[in-house]
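The values are calculated or read from the model by the stated rules, or taken from the named source; none is laboratory data. What you see is a predicted model, and the numbers here were worked out from it, not measured in a lab. Cβ sites come from the backbone with ideal geometry, for glycine too, and all protein chains shown count toward neighbours. We work out accessible area using only protein heavy atoms, side chains counted, and drop any ligands, DNA or RNA first. Shrake-Rupley method; radii C 1.70, N 1.55, O 1.52, S 1.80 Å.
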Number of protein chains: 2
Amino acid sequence: MSGLTIATWNINSVRLRAAQVAAFAQEASPDVICLQEIKCQEDQFPYKAFVEMGYPHAHVTGQKGMHGVATVSRLPIEPLEMQPVCSREEARAQRVRIEGIEIQNYYIPAGGDEPDPETNPRFAHKLDFVERLEAYVRERAKEEADIVAVGDFNIAPHENDVWSHKQLLSVVSHTPVETEGLERVRAAGDFIDVARALHPEEEKIFTWWSYRNRDWRKSNRGRRLDHIWVTPSLRVPALSSGRAAFTVWDHTRDWEKPSDHAPVTLRLKV
Amino acid sequence: MSGLTIATWNINSVRLRAAQVAAFAQEASPDVICLQEIKCQEDQFPYKAFVEMGYPHAHVTGQKGMHGVATVSRLPIEPLEMQPVCSREEARAQRVRIEGIEIQNYYIPAGGDEPDPETNPRFAHKLDFVERLEAYVRERAKEEADIVAVGDFNIAPHENDVWSHKQLLSVVSHTPVETEGLERVRAAGDFIDVARALHPEEEKIFTWWSYRNRDWRKSNRGRRLDHIWVTPSLRVPALSSGRAAFTVWDHTRDWEKPSDHAPVTLRLKV
DNA sequence: GGCATACGCG
DNA sequence: CGCGTATGCC
């Protein structure tokens, strides 16, 4: 086969937006879709809708009402055990193997409002999650597996991953303690941040725009919270076809009742 | 002019269904629409939508979240004082004058589950409302005004106003204490029940179907809860054109996210 | 701003 | 079943 396209999308309720996933799948034609914030239990997942749109294989890690991740695929999925990266019992991480490639799907905690782990337990939880993830990634790096790690990381690591670096330095998602923590995770696995490997640091790239900005495109106060990382072993398949390999499908943000996140895709040449 | 068409519709949230009212108005072309269960305060009423669909005149009696009645009109409205028919401070009744005809718009309490005023305060409130309405109607009858009284009365008075007379005799909306009370109201004003003046007692007529029956038309477990009454002075304008004067627009129940009530119209020849 | 939850009500 | 209400979370 000529390629494998992997999408990641924080869908903010998969039951409400299965039809939007179908519309996106129709145009982007991903082989694998990693979803975050499915906001349902396994038995509430709209499997039928995914079968109908061409994704008969699914691995769903859900819980009641909040969080939840799922990976759906055209090709058979081998579900893999996930280490307890999350200290709370929350459905935030899963991994599968498809066509010999390991795909890790993460929904890192948002972290609440105040960027102070002493006063804000959610921020403490976020930092803890990132630290555990670093340890996990470091341990796994010994295997030298082909890994694509994707998801809503809820951290915008670089200056041009937010609409205003200065104004967001003390805003959760872009504080130094978060961006440095995420960089340690990346370095622990020697991961390539595909978006930044293909686009210069000076170029603004966003994948999320708050619901609270009513003209999201005009004000463009976005952040790059959704990421696709690959292990060095996948450098050539991921990067050799150039910028066309990586796409943020931001027009979905104009749809009726959209998710606040846009889907992101990587075309792997394999 | 050749006629005045008056509609009544329990809309079950006017903010959610302003577009459905527009679609109904387009086909039924009523001059006046009396709404019940608007479920909003006056300042939340979608006046603009009604102006755009040709009803620039409105009299809104609302409250937060529940109940609420409104009358909208193509022709100028003269709001009239409403006596305190409701012992609680609930937005359940209003009256207006349009083209010299008084229009009374009622939302009689539903009455809860148990048809026992001793144990169920909502049923007691319903009976109290009906009793007060009887007194009001009797008092007003002396004036011999031209009155059209409409609304969701939450009572199905006759055997063929419910899908099963026997099975509903002890179900709130069709118990003898309710149907007899409503009959006393009607008699107090010498009102003509237009639906039954035009259709024989043997014919089933329904205006409401529970949301809980998923195939409402097939099971057809309806009730006639919505009524149009006229004073004897309006007998000829109301009845002389025959059955075409009165319509239950039950196809609205097939629309997406419908109200559980269908709109009902009376064409007055004036 | 929008999506879950649970509740009261019809 | 499907409206409102409220609260939590992102």
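Which numbered condition in (1) surrounded by fewer than 18 Cβ atoms within 10 Å (Cβ to Cβ); (2) more than 21 Å from A:ASP254 (Cα to Cα) is the only one that A:ARG140 fails?
Checking A:ARG140 against (1) surrounded by fewer than 18 Cβ atoms within 10 Å (Cβ to Cβ); (2) more than 21 Å from A:ASP254 (Cα to Cα), the one that fails is (1).
Looking at this structure, is B:VAL194 more than 16 Å from DNA strand C (Cβ to nearest atom), away from every other protein chain (no Cβ under 14 Å) and open to solvent by 60 Å² or more (accessible area, probe 1.4 Å)?
Taking the combined requirement at face value, the residue does not satisfy it.
Filter the stretch A:260-270 down to residues that are more than 16 Å from DNA strand D (Cβ to nearest atom), open to solvent by 20 Å² or more (accessible area, probe 1.4 Å) and not hydrophobic (A, V, I, L, M, F, W, C) and give me whichever is modelled with the lowest pLDDT.
A:LYS269
Could you check the stretch A:229-259 and list, in sequence order, the residues that are part of a helix (DSSP H, G or I) and within 16 Å of DNA strand D (Cβ to nearest atom)?
Selection gives A:ARG253 alone.
Matching residues to (1) within 14 Å of the chain's Cα centre (by Cα); (2) at pLDDT 95 or above; (3) surrounded by 21 or more Cβ atoms within 10 Å (Cβ to Cβ):
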| residue | (1), (2), (3) |
| --- | --- |
| A:ALA70 | yes, yes, yes |
| A:LEU80 | no, yes, no |
| A:ALA93 | yes, yes, yes |
| A:GLY100 | no, yes, no |
| A:ILE103 | yes, yes, yes |
| A:PRO115 | no, yes, yes |
| A:TYR136 | no, yes, no |
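More than 16 Å from DNA strand C (Cβ to nearest atom), open to solvent by 20 Å² or more (accessible area, probe 1.4 Å), closer than 15 Å to A:PRO109 by Cα and away from chain B (no Cβ under 14 Å), is that true of A:SER29?
No; evaluated as a whole, the condition is false for this residue.
Based on this model, can you work out whether B:GLU178 counts as surrounded by 14 or more Cβ atoms within 10 Å (Cβ to Cβ), more than 14 Å from chain A (Cβ to nearest Cβ) and either over 22 Å from B:ILE33 (Cα atoms) or among the hydroxyl-bearing types (Ser, Thr, Tyr) (or both)?
yes
Return the pairs, sorted by first residue and then second, in which the second residue is in a helix (DSSP H, G or I) and of a type in the set (A, V, I, L, M, F, W, C), the first residue lies in the stretch B:161-182 and is touching a residue at least 40 places away in the same chain (Cβ under 8 Å), the beta carbons are less than 7 Å apart, and the residues are 6+ apart or on different chains.
That search, which allows pairs on different chains as well, returns B:VAL162/B:LEU168; B:VAL172/B:PHE123; B:HIS174/B:LEU168; B:VAL177/B:LEU127; B:GLY181/B:LEU127; B:GLY181/B:VAL130; B:LEU182/B:VAL130.
Any chance you could count how many residues in the stretch B:205-228 are more than 16 Å from DNA strand D (Cβ to nearest atom) and without any contact (Cβ under 8 Å) to a residue 12 or more places away in the chain?
Total meeting the criteria: 0.
For the stretch A:12-25: of the residues being more than 14 Å from A:HIS251 (Cα to Cα) and more than 9 Å from DNA strand C (Cβ to nearest atom), which is farthest from the other protein chains (Cβ to nearest Cβ)?
A:ALA22
Each row is one residue, and each column tells you yes or no for (1) of a type in the set (A, V, I, L, M); (2) more than 19 Å from B:GLN63 (Cα to Cα).
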| position | (1), (2) |
| --- | --- |
| B:SER87 | no, no |
| B:VAL96 | yes, no |
| B:GLU102 | no, yes |
| B:TYR106 | no, no |
| B:PRO109 | no, no |
